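Accompanying notes for the structure given below.
Since every read-out is calculated from the coordinates, none of them should be taken as a lab result. Since we're looking at a predicted model, the values are computed, not measured. Here Cβ is always computed from backbone atoms with ideal geometry, including for glycine, and neighbour counts include all displayed protein chains.
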Amino acid sequence: MMAVSQTDETDELLTCLRVQLYHPEARSVFDSLPMNLRHKQEAEDPMRLGRAAEACPFILNDTRVSRKQLALQAFRAPGSTEMRFNVQNLSRKAPVQVNGIELGHLVGAELPDKALIRFGRYELLVLREPGDSETHFEVLFECRSVPPSQEMGLGVPSSVAVMDSGDATLSWRDPSNEPSESDENL
C-alpha cells in the first residue's frame with residue numbers, strides 16, 4: 001500500500017521517479033492521482049497505472065485507458081546498488097511508446113534516467129533521481145500544461161509524413177485511433 005513519505009531518522013535517500021503527466025483534459029483524468037506528493041513504494045512491488053482501482057494503486061479517470069495500462073518495476077543490475085526501472089505495457093489493446101519505441105502487450109523496456117512514455121493522448125515524462133535505498137523508492141506525480149514531446153522536439157516522429165496541409169497526423173494522438181476499452185477479461 002502506498003503511504004506519504006515522511007522524513008525518517010535515517011540518512012537513507014530514496015530514489016525518486018518524477019512522473020510529469022500531460023493530457024489535453026488533465027483536470028478530469030488526473031483527479032484520482034496524488035499530485036505533488038511524494039509516495040513511498042516498496043521496490044519489489046510494481047507501480048501500476050490504469051483505470052481499475054482494484055488492480056492499480058494509481059488511477060486515470062478515463063474509459064479509454066486499460067484497466068491495467070502499464071507497470072513500472074524497480075530492479076538492480078548484478079553487482080550494483082543503483083535502483084533502475086523497467087516499464088511494461090499491460091494493455092492488450094493499446095500500444096505504449098517509450099522514447100519512440102512501441103511496446104506491445106507484456107513487452108517491457110528499461111527506462112533511461114529521462115524517458116518519454118506515450119499511450120493514447122497521454123504523455124508521461126519520467127525522470128529518475130538517484131538514491132541509495134535498496135528497498136524503497138518514491139514516486140512524485142506532477143501535471144504539465146505543455147506536452148513533454150513538444151518541449152523535447154519530439155512532436156513529429158521521423159516516420160510520419162507531413163500532409164499537404166502542413167499538419168502531421170500522429171496516430172498516437174488521434175482520438176479516433178484510441179481504443180475504447182471495456183472489460184479485458186471477456
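So the values come out like this:
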quantity: Long-range HN-HN contacts of E138 with modeled amide H, under 5 Å; calculated: T15, C16, L17, Q41
quantity: Exposure proxy order (Cβ contacts within 10 Å, fewest to most) of C16, C56; calculated: C16, C56
quantity: Centre separation in Å (Cα based) which lies between region 101-122 and region 36-73; calculated: 15
quantity: Listed residue (C16, A71, L37) projecting farthest to the positive dipole end of region 14-177, Cβ model; calculated: A71
quantity: Burial ordering of V65, V29, fewest other beta-carbon atoms within 10 Å first; calculated: V29, V65
quantity: Region 14-177: mean projected area of Cα convex hull, nm²; calculated: 10.0
